[in-house]
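Written out below as structure tokens is the structure these notes cover.
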DNA sequence: GTGTAAATGCGAATGATTCGCATTTGAGCG
DNA sequence: CGCTCAAATGCGAATCATTCGCATTTACAC
Ligand SMILES: [Mn+2]
Ligand SMILES: [Mn+2]
Ligand SMILES: [Zn+2]
Ligand SMILES: [Zn+2]
């Protein structure tokens, strides 16, 4: 059962299993959207789970530290957003008109990073890419 | 003379030529580093130019709008940073240890963006890339 | 020079995130 | 199962970058 799996993740991370941790992980694992701390609070409230906003922040901090969640800071959004870490490297394509956020599961960078390591002397650990444009729906309108 | 050139840019942008605009543009055009609003204020102070922080923000806003400057929001920095717009497409390579920020003037993306347009239906207008790693100096230490 | 909109200074407001501290809770242990 | 203690939580206040309101000053067109 998925829930047991999440509890294992929490415990393996050395964290206590609390209802808030479990419900935030469940929420994000089921969400196709990125959610802000505030959104998370709202969504849990819909499920009759009342949680203090400070606790949301502290909880997602821990879950990001332990790589159960990812924190995403997008150029156009002032609030941090969170997603369940599905362990699949990805980037985002964002509509400048309607702010739709689409994950992209291909990555153009592999070889280039090697070149860059040679040229720069850096040992490269990661990268972040965002693409901006106008989505199909917004082009029509 | 460079200064006349900057005044032209300001006027062509439909802005009034003020000492603050000119000195911020001069400062950033001479800087190899990205500067925050606060940094800009500090640097001008060193040159005996006293400017209110609100004015720094309002000035860089206008200069970004008119594409004389670029605003850069990096993942690890909480404050926005500004650079003179040298009209050369670039990305940044950032040392996770010493926070050194190195601009990279090559771009790995051209073909990939076309593929992405076809696959996604988006009309792509731009992208943002940051690379993270450990710089040569920090690797030694 | 005059007039007027734009620019500036200053202090207050905003808003996301963090912090301090009192209280509660989870998990190991007997 | 009850006990203990660190970790988690709630709540209100603090922080800090950025923005705003408003009174005053300035640039520039006439
Ligand atoms: Mn990638
Ligand atoms: Mn590029
Ligand atoms: Zn759209
Ligand atoms: Zn370094």
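Bear in mind these aren't lab numbers, they're just calculated from the coordinates by the rules spelled out. This is a predicted model, so every value here is computed, not measured. Neighbour counts are summed over all protein chains in view; Cβ atoms, including those assigned to glycine, are modelled from backbone coordinates with ideal geometry.
Over all pairs of different C-alpha atoms, chain A has a mean inverse distance whose reciprocal, the Kirkwood radius, equals 17.1 Å.
DSSP beta bridges confined to the stretch A:73-141 are antiparallel in about 50 percent of cases. Each part gets one Cα centre, and for the stretch A:118-136 versus the stretch A:67-94 those centres are 14 Å apart. The modelled label-to-label distance for the pair residue A:138/residue A:61, using points 7 Å beyond Cα in the direction of Cβ, is 3.3 nm. Sorted shortest first, the separations between the residue A:46 label point and its copies elsewhere in the assembly read 5.2 nm; each point sits 7 Å from Cα along the Cα-to-Cβ line. For residue B:29, the point set 7 Å out from Cα toward Cβ sits 5.7 nm from its twins in the other copies, listed from shortest up. With a cut-off of 14 Å on the backbone N, the residues of the stretch A:107-128 near the modelled label site 7 Å out from residue B:76 along Cα-Cβ are A:122-128.
Sorted from nearest, the other copies put their residue A:117 label points 3.3 nm away, the label point being 7 Å from Cα in the direction of Cβ. Against chain A, whose longest principal axis is taken from its Cα atoms, helix A:2-12 shows a tilt of about 80°. Distance between the modelled labels on residue A:117 and residue A:15, one decimal in nanometres: 3.1 nm (7 Å Cα→Cβ projection). Antiparallel beta bridges, as assigned by DSSP with both residues in chain A, represent about 70 percent of the total such bridges. Structural descriptor for chain A: relative contact order 17 percent, calculated from alpha carbon pairs under 8 angstrom and at least 6 residues apart.
Taking 0.36 nm per residue of separation and subtracting the Cα-Cα distance, full extension of the segment from residue B:5 to residue B:32 would add 7.8 nm. With respect to chain A, whose longest principal axis is taken over its alpha-carbon atoms, helix A:53-65 is tilted by about 60°. Expressed as a fraction of 2.2 N^0.38 Å, the C-alpha radius of gyration for the protein assembly as shown is 1.17. Cβ-Cβ distance of residue B:50 and residue B:98, R₀ of 35 Å, FRET efficiency by 1/(1 + (r/R0)^6): the value works out to about 0.65. For helix B:110-120, what angle does its Cα long axis make with the longest principal axis of chain B, in degrees from 0 to 90 and rounded to 10? Computed tilt is about 70 degrees. Taken along its three principal axes, the alpha carbon spread of the stretch A:40-120 comes to 52, 34, 21 Å, from the longest extent down to the shortest. In plain terms, the C-alpha convex hull of the stretch B:88-141 casts an average shadow of 4.6 nm² when viewed from every direction.
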